[in-house]
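The values are calculated or read from the model by the stated rules, or taken from the named source; none is laboratory data. Quick caveat: nothing in here was measured; it's all calculated off a predicted structure. Because the Cβ atoms are built from the backbone with ideal geometry, glycine has one as well, and the counts that use them run over all protein chains shown. Areas reflect the complete protein model, heavy atoms only, side chains present, ligands, DNA and RNA absent. Shrake-Rupley method; radii C 1.70, N 1.55, O 1.52, S 1.80 Å.
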Amino acid sequence: MALFPKPKESFEVIREGEDTILRIEYDDTAGIPSLEDSPTCMASTMDRLIEVGNVTKIVFHQKRDYEYDYDQTILLLEIAKLFNQIAKQKNLFGFETIVNDEPYQKHFHEIYSEVQRLLFHLFKSDPLGAYVEIKRLIRKEHIRIQKEMSEKTIAYINTIIKGLMDILEMLDLTQLIQIAKPSLAGYQLGDRSVYRKIFSPTIKPDFMFTKLMSSYPPDAEELDNYTIGENIDVSIFKLNDTIQYLYHVYPPEFKLSEEKYEILDLARKIMSEHKPQRDEFVDPARMRQVFYNVGHDLIEELANYRNVKLTQKDIDELTKILVRYTVGFGLVEVLLQDEHVQDLSINAPMGRTPIFLVHSEYGDCNTNIIPTKTEADSWASKLRLISGRPLDEANPILDTEVEIPGASSRVSVISEPLNPFGLGFSFRRHRDKPWTLPLFMKARMINAEAAGILSFIIDGSRTLLVAGTRGSGKTSLLGALLIEIMRRYRILTIEDTLELPTSALRKMGYNIQAMKVASALRASSSEVPADEGIRTTLRLGDSCLIVGEVRSTEASALYEAMRVGALANVVAGTIHGDSPYGVFDRVVNDLKVPRTSFKATDVIIVANPIRSADGLHSWRRVFSITEIRKQWEDDPLLENGFVDLMKYNSTTDQLEPSDDLINGDSDILKSIAGKVKDWVGNWDAVWENIQLRADCKQLIVDTAAKLKNDDLLEAPFVIQANDEFHKATDRVKEEFGSLDTKRIFAEYTDWVKKASVEWGKKQQPKR
């Protein structure tokens, strides 16, 4: 007679790449399938493992996929193999040799029944319980030996004890028992709390391809928790077994009722019949809106058809989720909505490792999200359509950008043969609003004096390169310098991947034209090469020229633009390099720009991250603001071609002015002063103006802190403040005939006081 009725669920073994997956269907079964919570589920799964042998994953399907990864599967598979081994040893306990000794007959039947229960019932449904009960049974039989007088009876009992000890030794060698041992003291049958510490599935609803570890990690310390938007919950955990933190996200799609879930799943199946074409992805924002409108109507119709009452808010929420998993990027979009997230790394092979991210406060974090190969293939197809760029064996690298509600991001994709394990993705999240110098001051990347000098140099229409390593904030700083350009001037930007905040600046009244050129990483393209794009700007009229990143052949064209435009407009760009000489070496030796052309660079700003002594924390800092002098021939380092205006002091964690700057020994600043009647030959006046600009920037930071309103540090207010600075300067000059810094600052201060209060009222939510 079978101890378990035959389970109703069907199963199959699926092979995906290196994985062998045991997939068990539970659609017609009551209760959620769970190894950790259900002894019946564990027992039937053990039966399947005994039947099919080696597998690397276990998946339960009941509207959602509940997946147990390799590390968890192997624990149960080891127990299943041990059960099979024990079951084949028919005379392990010597029962066949035990005769019906009358004094022992009653006890024989009792212990026979108990062993049968432990091995063929409890062993599969609760192996930890079986382990504990076997130990208790051995202890009980040892006590019985002390009371028994018959040598024959004692021999019978010792035979059974030996068999139980053999099983116990085999169990002791299994990983499951070794992991659980510290928690088995006082173990009670039926208590599944120990299993919940060991087994935890990733969950993937039908409408999703991405898997998510929904349960919180056991024995972890919660460091922080917050909400993104209205209903995306984020918790940061410190784990015991790694120095990485865990970024645990719980999005609204995992909080749906069964009725909402079924409507959403049905809507996705209907919507998936439509395959977007290339022309639809030309304007992704418009396409999302079209899908949103269609999805909204569809969900409303399905709810009415199924007689499910949904509020307008419910329909809106379901529609957003639907769009996210049809034309969007799934849970990646959820992560990118978090303004604390800076970078996402998604590594091959898919389905094996979680997404990693860089958090602005907690640094490198693991996440509870595991994308699958199906999801990765979908993302790659969408990125091909959005960018119009290939991704194949001949072109295994794709760089582009994506716009989603609440965020934008630069995306880099690598595929075979460059990535032998499949697809890999890197998302660099752009800040929702452009960076500003006051924001960088608050973040301590620069100080007020540095902001004053940079403002002065920008107004002086000089040529600049912002250098640094990857992730140093080069592009963000270049975007902040764009805001220092007066709105009266035209700006042209050139990038192979759009990262500069051109759209935001255009909305704020800037005369700005963005141009996109071919990536230097691809051999052929229908797009215009970068060097040709830069030369084209020289024919587009009087404009400031901003180059997103100097990578390759465009370097020569950029220096041509610098030589042509240095006397009239700002020319600026970013470049990889960790020092002024590193920039020189890259430009001259790697990019083959002539030494004499390099002299067209006026200023190099070097930004790099710094780390704490323990290596767990990092911060972005500007290391130096350096001018390039022109009186050298071969090596600017040996011939004093590099003169630091400001230099980072690690002791004070501040940029500090150099003696050359304090003493007025700066060719670039003198050159700027030489074009302004009030400053010619008057270094004190130049220094006063730089200090005035520094005080004006500091006033914004101090006012924002005083009013507890960081919106004053954002681009809209800072741009207005910059306009007011120039207007106040013009008024004072007109009225008093000189650039009286005290009067300018007094007028500027009055404006900031009034405008900051009015700005605060504008930002208050309407009731």
> For the stretch 282-315, what are the residues that are β-branched (Val, Ile, Thr) and in contact with a Ser or Thr (Cβ under 8 Å, 6 or more places away or on another chain)?
Replying inline: 299
>> Under 6 Å between Cβ atoms, which residue pairs at least 6 apart in sequence (or on different chains) link something in the stretch 188-209 that is polar (S, T, N, Q) with a partner that is part of a loop (DSSP other than H, G, I, E, B)?
In response: 200/215
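Residue-wise test of (1) out of contact with any Gly (no Cβ under 6 Å at 6 or more places or on another chain); (2) under 20 Å from residue 445 (Cα atoms); (3) among the hydrophobic types (A, V, I, L, M, F, W, C).
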position: 637; (1), (2), (3): yes, no, yes
position: 644; (1), (2), (3): yes, yes, no
position: 649; (1), (2), (3): yes, yes, no
position: 654; (1), (2), (3): yes, yes, no
position: 678; (1), (2), (3): yes, no, no
position: 697; (1), (2), (3): yes, yes, no
position: 705; (1), (2), (3): yes, yes, yes
position: 723; (1), (2), (3): yes, no, no
> Which one is farthest from residue 477 (Cα to Cα) among residues in the stretch 519-550 that are buried (at least 20 other Cβ atoms within 10 Å of the Cβ) and at pLDDT 75 or above?
Replying inline: 543
> Would the stretch 420-441 turn up any residue that is at pLDDT 90 or above, open to solvent by 30 Å² or more (accessible area, probe 1.4 Å), among the hydrophobic types (A, V, I, L, M, F, W, C) and touching a Ser or Thr at 6+ places or on another chain (Cβ under 8 Å)?
Replying inline: yes
> Say we look at the stretch 475-520 and pick out the residues that are within 21 Å of residue 441 (Cβ to Cβ) and β-branched (Val, Ile, Thr); which of these is farthest from the chain's Cα centre (by Cα)?
Replying inline: 485
> residue 331: buried (at least 21 other Cβ atoms within 10 Å of the Cβ) and either charged (D, E, K, R) or in contact with a strand residue (DSSP E or B) (Cβ under 9 Å, 6 or more places away or on another chain) (or both), yes or no?
Replying inline: yes
> Would the stretch 308-321 turn up any residue that is hydrophobic (A, V, I, L, M, F, W, C) and either modelled with pLDDT under 85 or within 27 Å of the chain's Cα centre (by Cα) (or both)?
Replying inline: yes
>> I'm trying to understand the selection: among the residues of the stretch 389-413, which are among the charged types (D, E, K, R) and assigned to a loop (DSSP other than H, G, I, E, B)?
In response: 389, 392, 393
>> For residue 273, only one of the following conditions fails: (1) more than 20 Å from residue 330 (Cα to Cα); (2) open to solvent by 80 Å² or more (accessible area, probe 1.4 Å). What is its number?
In response: (1)
> So residue 156 clears everything in (1) among the hydroxyl-bearing types (Ser, Thr, Tyr); (2) open to solvent by 80 Å² or more (accessible area, probe 1.4 Å); (3) over 30 Å from residue 350 (Cα atoms) except one condition, right? Which one?
Replying inline: (2)
>> Among (1) outside any loop (DSSP other than H, G, I, E, B); (2) touching a Gly at 6+ places or on another chain (Cβ under 8 Å), there is one condition residue 381 misses while meeting the rest; what is its number?
In response: (2)
>> Here is a check on your reading of the model: is residue 176 touching a residue at least 12 places away in the same chain (Cβ under 8 Å) and farther than 30 Å from residue 335 by Cα?
In response: yes
>> For the stretch 484-505, give me the residue count where each residue is part of a helix (DSSP H, G or I), open to solvent by 10 Å² or more (accessible area, probe 1.4 Å) and of a type in the set (A, V, I, L, M).
In response: 1
> Applying the selection to the stretch 608-660, what residues are under 19 Å from residue 462 (Cα atoms), touching a residue at least 60 places away in the same chain (Cβ under 8 Å) and not β-branched (Val, Ile, Thr)?
Replying inline: 642, 645, 646
> If you check residue 326 against the conditions, is it hydroxyl-bearing (Ser, Thr, Tyr), in a loop (DSSP other than H, G, I, E, B) and surrounded by fewer than 23 Cβ atoms within 10 Å (Cβ to Cβ)?
Replying inline: yes
>> For the stretch 687-727, give me each residue that is open to solvent by less than 10 Å² (accessible area, probe 1.4 Å) and either free of Cβ contacts under 8 Å to residues at least 40 places away in the same chain or among the hydroxyl-bearing types (Ser, Thr, Tyr) (or both).
In response: 721
> Restricting the stretch 459-483 to residues that are open to solvent by less than 10 Å² (accessible area, probe 1.4 Å) and part of a helix (DSSP H, G or I), which is nearest to residue 650 (Cα to Cα)?
Replying inline: 477
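Please report, ordered by residue number, the strands (runs of 3 or more DSSP E) entirely within the stretch 218-271 with at least 3 residues that are of a type in the set (Ser, Thr, Tyr) and out of contact with any strand residue (DSSP E or B) (no Cβ under 6 Å at 6 or more places or on another chain).
Answer list for the stretch 218-271: none.
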> Hey, any hits in the stretch 384-400 for a residue that's closer than 30 Å to residue 70 by Cβ and in contact with a helix residue (DSSP H, G or I) (Cβ under 9 Å, 6 or more places away or on another chain)?
Replying inline: yes
> For the stretch 651-767, which helices (runs of 4 or more DSSP H) that fit wholly inside it have 1 or more residues that are modelled with pLDDT of 95 or more?
Replying inline: 683-707, 715-736, 741-763
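Just to be sure before I move on: is residue 421 in contact (Cβ under 8 Å) with a residue 40 or more places away in the chain, assigned to a loop (DSSP other than H, G, I, E, B) and of a type in the set (Phe, Trp, Tyr) in the structure I sent?
So residue 421 fits the description; yes.
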> Looking at the stretch 362-378, which of its residues are under 30 Å from residue 619 (Cα atoms) and either assigned to a helix (DSSP H, G or I) or of a type in the set (Lys, Arg) (or both)?
Replying inline: none
>> Go through (1) at pLDDT below 95; (2) more than 29 Å from the chain's Cα centre (by Cα); (3) of a type in the set (A, V, I, L, M); (4) surrounded by 17 or more Cβ atoms within 10 Å (Cβ to Cβ) for residue 625 and report which single condition fails.
In response: (1)
> Applying the selection to the stretch 78-104, what residues are modelled with pLDDT of 60 or more, in a helix (DSSP H, G or I) and either farther than 30 Å from residue 155 by Cβ or open to solvent by less than 100 Å² (accessible area, probe 1.4 Å) (or both)?
Replying inline: 78, 79, 80, 81, 82, 83, 84, 85, 86, 87
> Looking at residue 116, is it modelled with pLDDT of 90 or more and surrounded by fewer than 19 Cβ atoms within 10 Å (Cβ to Cβ)?
Replying inline: no
> When you scan the stretch 330-361, how many residues do you find that are hydrophobic (A, V, I, L, M, F, W, C), touching a Lys or Arg at 6+ places or on another chain (Cβ under 8 Å) and part of a loop (DSSP other than H, G, I, E, B)?
Replying inline: 1
